[in-house]
Amino acid sequence: MTAPKWFTDGFPHIWLPYSQMQTTPTPLAAHATKGCTITLEDGRELTDGIASWWTACHGYNPPHVIEAMKAQLDLMPHVMFGGLNHEPALKLAKRLADMLPGDLNRVFFVDSGSVSVEVAMKMSIQYWINKGIKGRSKFVSFKDGYHGDTLGCMSIADPEEGMHHVFNDVLFDQFVIDVPRTAEQLAQFETFLEANKDQIAGVITEPLVQGAGGMKMFSPDVLKNMCETVQKHGLLFIVDEIFTGFGRTGSMFAIDHAEIVPDIICLSKALTAGVCPLACAVAQDHIFDAFLSDNFDDALQHGPTYMANPLACAAANASLDLFESEPRLEQVAHINKKLTQNLAPMAEIKGVKDVRTLGAIGVVQVDDIKDSNWLKKRFVEEGVWLRPFRDIIYLTPAFTISDDELDKLTDTMMKVLTQWSEL
């Protein structure tokens with residue numbers, strides 16, 4: 001079989017993400033972005049409801065961030081972080097440490113969310129090795145979870161429901177269990193940890209919302225109980241806030257809802273306001289201290305080429321400026337109110353199973369999406385950019401979205417879902 005004609009004729013060198021290249025429709029050609037709008041090369045404008053995979057929290061092309069990057073570009077777009085440091089990275093690390101609770105003080109910069117999770121996993125395994133404790137090399141993660149597409153990250157995703165199940169035979173063996181939502185499940189979770197703690201390097205979760213696993217949500221109490229149980233048994237608790245960090249759930253970080261301090265937190269996506277790649281794993285002091293030694297082998301042996309890229313750090317610092325100077329969390333609260341109000345009627349549409357919201361996240365779950373391409377096409381025809389996946393249609397808009405733009409998104413969802421239910 002051969003690739004479709006649109007691909008062989010117009011895009012002979014591109015391999016698209018999450019796409020079956022034999023059957024995927026022609027990708028749309030984006031030309032420009034501004035605010036909450038994507039302009040296509042043919043002149044059509046799409047109101048973006050997902051902020052480019054949840055990254056563009058201030059909308060596209062935020063002037064303050066762009067100007068900061070321009071200034072940094074003239075001064076020093078990049079320099080290696082081995083043996084050198086620079087003011088944008090030092091400033092950003094301090095600001096992140098000041099924002100995060102407890103003694104989450106040690107910031108290790110990388111260049112993507114997946115790599116920040118890989119680093120957190122390496123930190124956790126080597127933490128025990130450096131303390132002279134052998135055998136703790138496995139992780140506990142949760143069904144419906146997703147932490148990235150690299151091998152270590154794939155191994156802690158849901159092996160049955162996740163997109164990486166074809167690799168199950170070659171991935172690292174991990175413990176993937178149910179989120180302990182009830183008192184009975186929490187007791188079972190504690191029993192499980194006690195029975196297996198000699199093998200466990202850490203427990204990792206997406207806090208409050210399991211994003212790519214289907215936007216599955218759980219309460220702050222569940223997160224708090226999970227963290228306290230893990231730490232009571234002397235194990236390491238890691239939170240992956242790549243999706244939830246920087247205001248998405250209604251607080252600056254999802255862990256703020258539960259008032260917990262994990263041992264390690266992973267951040268990315270909205271860290272730079274969606275303008276360039278940057279991520280980090282931030283560890284508590286006691287994790288960092290375990291790597292201090294006269295023996296070089298005890299050091300963390302990791303160093304991405306573009307870690308702490310000055311241009312990206314400048315963007316992140318400018319993004320944090322906007323969180324300080326603009327009412328972003330108030331805007332998220334307003335978005336949540338609008339989403340809750342506008343999405344609620346969709347629960348009455350045939351085939352809709354659930355409607356749920358949290359912060360600037362709105363989700364409509366259906367029985368089954370047999371043809372997501374039909375939905376995507378209809379949304380584009382109506383002038384909006386949405387990307388249904390699995391069994392959900394979701395909204396994760398920029399925090400700066402206007403009421404009119406948000407109404408357009410939800411009105412279109414209502415219209416298209418109604419049409420879909422009648423097919």
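The values are calculated or read from the model by the stated rules, or taken from the named source; none is laboratory data. This is a predicted model, so every value here is computed, not measured. Note that we place each Cβ from the backbone using ideal geometry, even for glycine, and neighbour counts take in every protein chain shown.
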Does D240 satisfy being touching a residue at least 12 places away in the same chain (Cβ under 8 Å), among the charged types (D, E, K, R) and in contact with an Asp or Glu (Cβ under 6 Å, 6 or more places away or on another chain)? yes
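Can you find a residue that is at positive phi and out of contact with any helix residue (DSSP H, G or I) (no Cβ under 6 Å at 6 or more places or on another chain) anywhere in the range 372-389? Show your work before the answer.
Within the range 372-389, the first condition is being at positive phi, and the residues that meet it are 383.
If we keep only those that are out of contact with any helix residue (DSSP H, G or I) (no Cβ under 6 Å at 6 or more places or on another chain) too, we end up with 383.
Yes.
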Within the range 123-152, the count of residues that are over 19 Å from V239 (Cβ atoms), aliphatic (A, V, I, L, M) and not in a loop (DSSP other than H, G, I, E, B) comes to 2
Checked pairs for the range 182-201, first free of Cβ contacts under 8 Å to residues at least 60 places away in the same chain and assigned by TED's automatic domain parsing to the domain that holds W128, second part of a loop (DSSP other than H, G, I, E, B) and polar (S, T, N, Q), C-beta under 6 Å and 6 or more apart or across chains, list as none
Of the candidates L423, L375, the one satisfying the condition of being assigned to a loop (DSSP other than H, G, I, E, B), of a type outside the set (G, A, S) and out of contact with any Leu (no Cβ under 6 Å at 6 or more places or on another chain) is L423
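Checking the conditions here, which among S19, S52 is outside the structural domain of Q301 (by TED's automatic domain parsing), within 21 Å of Q331 (Cβ to Cβ) and under 21 Å from the mean Cα position of the chain (by Cα)?
Working: S19 fails: within 21 Å of Q331 (Cβ to Cβ).
Going through S19, S52 in turn, the sole match is S52.
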Counting only residues in the range 336-367 that are assigned to a strand (DSSP E or B) and touching a residue at least 60 places away in the same chain (Cβ under 8 Å), the one surrounded by the most Cβ atoms within 10 Å (Cβ to Cβ) is identified as I361
Among residues of the range 168-186 being surrounded by fewer than 13 Cβ atoms within 10 Å (Cβ to Cβ) and of a type in the set (A, V, I, L, M), the residue farthest from the chain's Cα centre (by Cα) is A183
